[in-house]
Ligand code: ARG
Ligand code: ZN
């Protein structure tokens, strides 16, 4: 059995293996409770390794039933097996040898969803990061690359489909009601990319011809009857394959590419070589059941997993500390893809919103860690937004620093030099240094220092000298284990906007390197002077969010409005509006807490209304302008002593003020943005729906009556409109007969579609207010809820904890106690899921003292739990520290 020793793994302890693995031959005899796995592993001792060094293999909860060396049993005194490791002594000095390990598994009872498990009677695997050791004893680490042959044997009638990585070798019936299939993957790979899927599934087939003329068969496997809902995923896959050829020069490298959608999955998806396994939520879509957000997610995740074929699979990580090498880079690639397929500015706004909502709180709280960490207790806890999203931002900054041509040269060098290898972040950075001739030593601190840098800026205009001086200071806040920080290299894209709205170019700049519109902030403090500036400019700083920083730059609302109106960078226009709104919301929260009336800045209302009424702007952008900073955005801006109820009340008041002022405009948009054509998930149509639905939300506030939401709910002919109308109705008027009726009709209509029902759970879990806790508890007993399925648990418990600030943070602490009970309940069966949901407590220290005390007590209750998994104990201990 696995025992958590609480052992910490350190980057500096990295050593290559003593033995080189050449080939892997696996045979699976599938059975729900007694699957037999035979692994034949060909090794040789690495040159220079002493002859008395034993071979040590990893295992996790394994039952070993046989062990051979070159087909001969190994004497008992020559090996030691602990369930966690298998140590074999007395192995040949230099000649290759074969170890045959036989293990017996019970996929049906594997509730951790790591290793080989069953989901709706389908056998499937998840091996990243350390799941392969739950299948057989193995050197389960990413720097061990080998060629695999896989034989699968199963009952032919109930398990007609037998899949693994690579190309299909052949298969046949076996005469005893069973059949077999053999697969061979010619590309050396680490064990975390191994996959096996077997069962009875439907398929959608297509094909793709690569740039060099290779014919690739494409197959997406889904549950029978769901095939039509895989069409969009297939389309996204083909677009991804073409894009990677055109933009990164990367072609696919096997005869077949398969995707399997499964309904029990701990994460989004997995990039196993040639056989991606997906959470079905990120494959299945049709207008009736999927929202525009679902379509966008499917497109992004299909692309992400496909792009891993080069960034992750062909070139993989030397060790798990290098996770961002594949994840940060691949997120960067999928962001670029989506930006090219949709509107670049709108995509960027959504990315930054997500980064600030998810990564900034992580970086500013007890779970903060560098993009490239140097220590971990449980690697599963490092699949974080810091590694993924901040990792992507850091890659994007390299592109900004180098410019597109040198960035491309660096990427080409990386692909060229490291294809087939397991490498490090240092190897990656070196490619860009060599391609550009630029020293990236200081820049590399982005990988090593945790915490979101804070840049404070102020400007002074000297009319007589016609100069403008920008004073910049940077600090990187202390984070767990890192009390002092060095200044980092921050590429700040900027523009100086003159009084008439034009963008001014300085005749010369001193005090900082400036390349194009990029200003390089490298010191703790830098004073930058622009010459030849004819009138006082307004500075638009960090255009396009060129660096993932917190920026403190006090400006009048008139100056912010100037940016919102005249910036040519659309992202910066949105940022200015969002900053104005944030200022207003923070001030309103202070008013609520002081018991004084909330007044909404008229300049904010004017700027917002000018933006949403501007038909030259794409509707999706206008919808983003109307989406005010969230309650958590406001809490983060305030930073300490937070009262979620006050924040909610303040936000509601500001929204109502905007709604009242813009009522006519919103009514107009609600009509003009109505679609007259058949549903299409394309970005432009989605943008119109987004704008129409935000207009609806404001209208309902202005009218203070459910009528219009009820009408929109009845009239909706697609899931975006339907779920938006339901959310507006239920969140604004919970417990009214109208809300109850709509929830009931939704449930009846989609009772047989678990993914849609997740939306029903989520809408209710996120109803603002203290009463929602009881509702969530009642829903947990609902016949359609299933505590074993990660999507259901996330939809109800996860969204309650992560996305319901007033409900979860009830002043009496009952929300936290509920979470503690859930964590202790989920942990024994699915530690990864429990640990992930527990990270919802990461900002507890920024709450006002009463709530913070309740939160601490709930965390302590979890910490005191008997037999916690390493996953949960790691998170709870770091969160409490
Ligand atoms: N590599 C997968 C992806 O990002 C995610 C795997 C997550 N694994 C885990 N143990 N949390 O595409
Ligand atoms: Zn990934």
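Rule-based calculations on the coordinates, nothing more; no lab input. As the structure is a prediction and not an experimental result, all values here were calculated from the model. We place every Cβ from the backbone using ideal geometry, glycine too, and count neighbours over all the protein chains shown.
Here are the numbers for this structure:
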read-out	value
Protection proxy ranking, peptides 810-816, 623-629, average beta carbon neighbours within 10 Å, highest first	623-629, 810-816
Inverse of mean 1/r across different Cα pairs in segment 781-881, Kirkwood, Å	13.5
Efficiency of FRET between residue 56 and residue 568 - r from beta-carbon atoms, R0 51 angstrom, step 0.05	0.30
In degrees, nearest ten, helix 231-248 long axis to first principal axis of the chain (Cα)	90
Efficiency of FRET from Cβ geometry, residue 515 and residue 111, R₀ 56 Å, rounded to 0.05	0.55
Helix axis angle, 719-732 relative to the chain longest principal axis, alpha carbon, degrees	60
Span from the segment 102-146 Cα centroid across to the segment 277-298 one, whole angstrom	27
Spin-label zone in segment 242-263 - amide nitrogen under 19 Å from a point set 7 Å from the Cα of residue 340 along the C-beta vector	242-253
Rg/Rh ratio calculated on Cα atoms of segment 561-630 (Kirkwood radius)	1.02
Computed over the chain, the ratio Rg/Rh where both radii use C-alpha atoms and Rh is Kirkwood	0.97
Estimated inter-spin distance, residue 587 and residue 717, nm [label 7 Å along Cα→Cβ]	4.5
Most to least packed among 69-77, 90-98, 277-285 [average Cβ atoms within 10 Å]	277-285, 90-98, 69-77
Segment 117-198 - Debye-derived log10 I(q)/I(0), Cα point model, q = 0.18, 0.23, 0.27 Å⁻¹	-0.79, -1.12, -1.29
Contour minus Cα-Cα distance for residue 375 and residue 72 (0.36 nm per residue)	105.1 nm
Segment 651-802: equivalent-ellipsoid semi-axes (sqrt of 5 x gyration tensor eigenvalues, Cα, Å)	27, 19, 13
Kirkwood-type radius of segment 327-414, with distances r between different C-alpha atoms, in Å	14.0
Gyration tensor (alpha-carbon) shape descriptor, segment 182-291, a/c threshold 1.5	oblate
Rounded to 5, percent antiparallel among DSSP beta bridges of the chain	80
Distance between segment 1-75 and segment 754-804 - C-alpha centres, whole angstrom	42
Segment 219-296: relative contact order as a whole-number percent, Cα under 8 Å and 6+ apart	34
Cα-based Rg of segment 1-118 normalised by 2.2 N^0.38 Å, two decimals	1.16
Sequence-separation-based contact order of segment 640-753, relative, with Cα cut under 8 Å and 6+ spacing, percent	20
Whole-number D in µm² s⁻¹ for segment 75-118, Kirkwood Cα-pair radius fed into Stokes-Einstein, 20 °C, 1.002 mPa s	161
By average C-beta atoms within 10 angstrom, highest first, the peptides 860-867, 831-838, 149-156	831-838, 149-156, 860-867
0 to 90° range, to nearest 10: angle between helix 344-354 axis and the chain longest Cα axis	80
All Cα pairs of segment 284-383, percent lying beyond 17 Å	62
Counting all C-alpha pairs of segment 6-54, share separated by more than 12 Å (%)	75
Segment 162-217-segment 413-467 distance, computed between alpha-carbon centres (Å)	41
Residue 498-residue 707 FRET efficiency (beta carbon distance; Förster radius 45 Å; 0.05 resolution)	0.40
Gain in span if fully extended, residue 656 to residue 231, counting 0.36 nm per residue against the direct Cα distance	148.9 nm
Length gained when the stretch residue 434-residue 172 is fully extended (0.36 nm per residue, less Cα-Cα span)	89.1 nm
Contact order normalised by residue count of the chain, Cα under 8 Å, 6+ apart, percent	8
Rg(Cα)/(2.2 N^0.38 Å) for segment 450-591, N = residue count	1.08
Relative compactness, segment 282-322, computed as alpha-carbon Rg over 2.2 N^0.38 Å	1.58
Hydrodynamic radius of segment 779-840 per Kirkwood, over alpha carbon pairs, in Å	11.8
